[in-house]
Amino acid sequence: MKEVKRSAVRTGVTRRSFLGMGGALGVAATSAGSFVLPAFASESSTPARGGHFRLGLSRGSTSDTLNPAHFADVFMQSLGFAIHNYLTEIDEDGQLKGELAESWEPSNDAKQWVFQLRKGVTFHDGSDLTAEDVVASFNHHRGNDSTSAAKGMVDPIESITTDGDHKVVFTLNKGNADFAYITSDYHLAILPSCDGKIDPRSGIGCGGFQLQSFEPGVEAVVKRNPDYWKSDRAWFDSVSFLSITDEAARTNALRTGQIDAMDRVDLKTVNLLEMDPQVQVNTVESDQIYYFPMNVQAEPFDDNNVRLALKHAVNREDMVERVLKGYGRVANDQPIGGSYRYFADLPQRQYDPDKARHYLKKAGHDSLNLDLSTSDAVFTGAVDAAVLYKEHAAEAGININVIREPADGYWENVWMKRPWCMSYSSPRGTADWFFSQYFAGDASWNDSNWNNDRFNHLLNEARSELDEERRAQMYAEMQSLVHEQGGRVSPMFSSYVSAASQKVGHGRIGTNRDMDGNRIAERWWFKG
């Protein structure tokens, strides 16, 4: 396999390098450590205010909503981080730090967490941030009637109370040493409240930019918040978030000066962008995972032998080489990569058509015909990956019918609707965070409908286990269960590859999410 390629801002970061956690129970905003790969250094300039920044993004749907509970992809995530703040954030160096929270203090058993809020923060409507706003914002995601994608993460909260105007007390049903990380999730935006409720579709936050217009699937425009409490952020006068789902159109818009930056460079033509003196290509390694979720409640995926056959029927090295052009690495049918604290280095599953046939026969099949839904809405090259998988699987007697679905509405009409489709996920700050959102039996985004009693038990127990060795063993077993029995074929981790005009300046680029942790609007600037 090729070495991961670099842009003009190359560094010597190794594939498996990562920062160790400084202590999950750190009492101050600066005391928690990191689980994510180091950000790459970049050519930077002295930040200057001004200008209208135009960001072309590969996502955006007519069903997009300003309700943070339903933020789904890079378009709404990036817009959300522009107009909202959160209790904590993962910064450019992969460190967890306070945003609206100045500090946090867990009890000895990590069951109670006390967050001290910043004073003097105002919302775009002029109201002051108080502890009641935090309570109402979190409660928006809680309860039996919640449809929030963050519901599984906040369900362990038994109660949220206030102690004065700037102190919030979270009491959990069991200890969770990683709770402060969860509060940085992009769904958990803090909005102004009235009578204990928030208006989730108001677009009013306390972030660096104020919402001016929002046309779902087309464009959102924001302008700088003149009262923003961060003096070293939100450099642009205004920002346009533009949905440009076609990669050729997105690339052309950048090269002709119609936009200033774009995500998801077409890896087939990235070499042409790298040769353009007016363009900077930025590449950062990550544990962003591309995968094929199966509904394990539906035939034939309800038989683990079929699932194992499909896992052995994909050539991961070939897919990384031909689809990602070397901008990534093989994955191993479980999402916890080398950047995570409790990463378990399991034996790598190999492409083995004979073994795939063996498992097919155990399931009672000599061959198998399957429909696979996909779209380049998932990632640039997703359709190519599906066709390549079809070639690989044919050697094992598995006939895959690739169905190319429309990009618009893919996440609403296909993902978690079709028995077998394609998806991706950015890394989360902790293994518990990822597993709770995607693999717990009742998780909102459990896109394979996998419900394993042993896994659920371990997830619940590991969350409150404070013995490091025991906790590591639990997460290793969870990864093994997903690897051996889970409902995902997960062949590859992908690097983030984006591009921008040379007129744009930035510092170190965060790796916890695409587009500088989705905070590109707040962190970047135009060079003077």
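Apolar share of the accessible surface for the chain: 45 percent from carbon plus sulfur atoms, 1.4 Å probe.
Tell me the mean residue ellipticity at 222 nm calculated for the chain from its helices only (DSSP H runs of n ≥ 4, each -39500 (n - 2.57), averaged over every residue, nearest 500). Don't jump to the answer; show the numbers that get you there.
Working: 16 runs with 130 residues, N = 528.
Helix contribution divided over all residues of the chain: -6500 deg cm²/dmol.
Amide hydrogen proximity for Ala331: with H placed 1.01 Å from N in the peptide plane, the residues at 5 or more positions away or on another chain lying under 5 Å are Met492, Phe493.
Residue separation times 0.36 nm, minus the C-alpha to C-alpha distance between Glu219 and Lys527: what's the value?
On the way: separation 308, 0.36 × 308 = 110.88 nm, distance 2.45 nm.
Taking 0.36 nm per residue and subtracting the Cα distance, the gain is 108.4 nm.
When each of the peptides 463-470, 230-237, 308-315 is scored by how many other beta carbons lie within 10 Å of its residues on average, the order from highest to lowest is 308-315, 230-237, 463-470. Here's the picture: charge each Lys and Arg Cβ at +1 and each Asp and Glu Cβ at -1 in the range 31-175, and of Ser146, Gly56, Val169 the one pushed furthest to the positive end of that dipole is Gly56. Across the chain the C-alpha pair distances fall into 20 Å bins from zero in the proportions 23, 58, 19, 0 percent. Computed from label points 7 Å out along Cα-Cβ, the spacing between Asp442 and Glu477 is 2.2 nm. Taking the charge dipole of the chain about its Cα centre, with +1 at Lys and Arg Cβ atoms and -1 at Asp and Glu Cβ atoms, the residue from Pro491, Gln297, Trp450 reaching farthest to the positive side is Pro491. Converting phi to 3J(HN,Hα) with the Karplus coefficients 6.51, -1.76 and 1.60 and the offset θ = phi - 60°, the range 276-291 yields 7, x, 8, 10, 10, 9, 10, 10, 10, 5, 7, 9, 5, 10, 9, 8 Hz in sequence order, with x at every glycine or proline.
Protection proxy ranking of 266-277, 113-124, by the mean of other Cβ atoms within 10 Å over each peptide's residues and highest first, is 113-124, 266-277.
Note on His52 and Gln297: with the Förster distance fixed at 30 Å, the Cβ-Cβ geometry gives a FRET efficiency of about 0.05.
Note down the magnitude of the dipole of the chain about its Cα centre, charges +1 on Lys and Arg C-beta and -1 on Asp and Glu C-beta and zero elsewhere, to the nearest 20 debye. Can you show the working numbers first?
On the way: 55 positive and 72 negative charges, 234 e Å.
In total the dipole reaches around 1120 debye.
The amide H of Val279, built 1.01 Å from its N in the peptide plane, has Gln502 as neighbours under 5 Å, considering only residues 5 or more places off or on other chains. Less than 5 angstrom separates the built amide H of Lys167 from those of Leu117, Ala131, all sequence-distant by 5 or more or on a different chain.
Between Ser367 and Asn173, the distance separating the two model label sites (each 7 Å from Cα on the Cα→Cβ line) works out to 4.9 nm. Taking 0.36 nm per residue of separation and subtracting the Cα-Cα distance, full extension of the segment from Asp93 to Glu484 would add 137.4 nm. Compute the distance from the alpha-carbon center of the range 486-524 to that of the range 85-120, in whole Å. Going from one Cα centre to the other spans 23 Å.
Rolling a 1.4 angstrom probe over the protein heavy atoms, how many square angstrom per residue are accessible across the chain? Walk me through the intermediate numbers first.
Details: 18910 Å² over 528 residues.
In whole numbers, the chain has 36 Å² accessible per residue.
Over all other residues within a Cβ to Cβ distance under 10 Å of Gln116, the charged ones net out to 0, with Lys and Arg as +1 and Asp and Glu as -1.
All other residues whose Cβ lies under 13 angstrom from that of Asp163 are scored, Lys and Arg at +1 and Asp and Glu at -1, for a net of -2.
For Asp232 and Gln278, what is the calculated FRET efficiency with R₀ set at 25 Å and r taken between the beta-carbons, to the nearest 0.05? Could you put the intermediate results ahead of the total?
Values: r = 28 Å, r/R0 = 1.10.
Computed FRET efficiency for Asp232 and Gln278: 0.35.
Using a simple spin-label model with pseudo-atoms 7 Å out from Cα toward Cβ, Asp453 and Asp128 lie 5.4 nm apart.
What does the charge dipole of the range 123-230 about its Cα centre add up to, to the nearest 20 debye, if the Cβ of each Lys and Arg holds +1 and the Cβ of each Asp and Glu holds -1?
Numbers: 9 positive and 16 negative charges, 49 e Å.
Using Cβ point charges on Lys, Arg, Asp and Glu, the range 123-230 gives about 240 debye.
How high is the relative contact order of the chain? Use alpha-carbon pairs under 8 Å, at least six apart in sequence, and give a whole percent. Present the calculation step by step, with values, prior to reporting the outcome.
On the way: 1260 pairs, mean separation 125.3, N = 528.
Here the relative contact order equals 24 percent.
For a label point 7 Å from the Cα of Gln212 along Cα→C-beta, name the residues of the range 477-504 whose backbone N is under 20 Å from it. 504, by backbone N distance to the label point. Look at the dipole of the chain built from charges on Cβ: of His70, Ala234, Gly98, the Cα furthest out on the positive end belongs to Ala234. Could you please report the charge total around Asn295, scoring K, R as +1 and D, E as -1 over all other residues with beta-carbon less than 14 angstrom from its beta-carbon? Summing Lys and Arg as +1 and Asp and Glu as -1 gives -1. For the pair the range 125-156 / the range 362-420, the C-alpha centres are spaced 36 Å from each other.
Placing R0 at 35 angstrom, the Cβ-Cβ distance between Glu102 and Gln350 gives a FRET efficiency of 0.10 after rounding to 0.05.
The values are calculated or read from the model by the stated rules, or taken from the named source; none is laboratory data. These numbers come from a predicted model, not from an experiment. Using ideal geometry, Cβ is built from the backbone for each residue, glycine included, and neighbour counts are taken over all protein chains shown. Quick note on the areas: whole protein, heavy atoms, side chains included, nothing else; ligands and nucleic acids left out. Shrake-Rupley method; radii C 1.70, N 1.55, O 1.52, S 1.80 Å.
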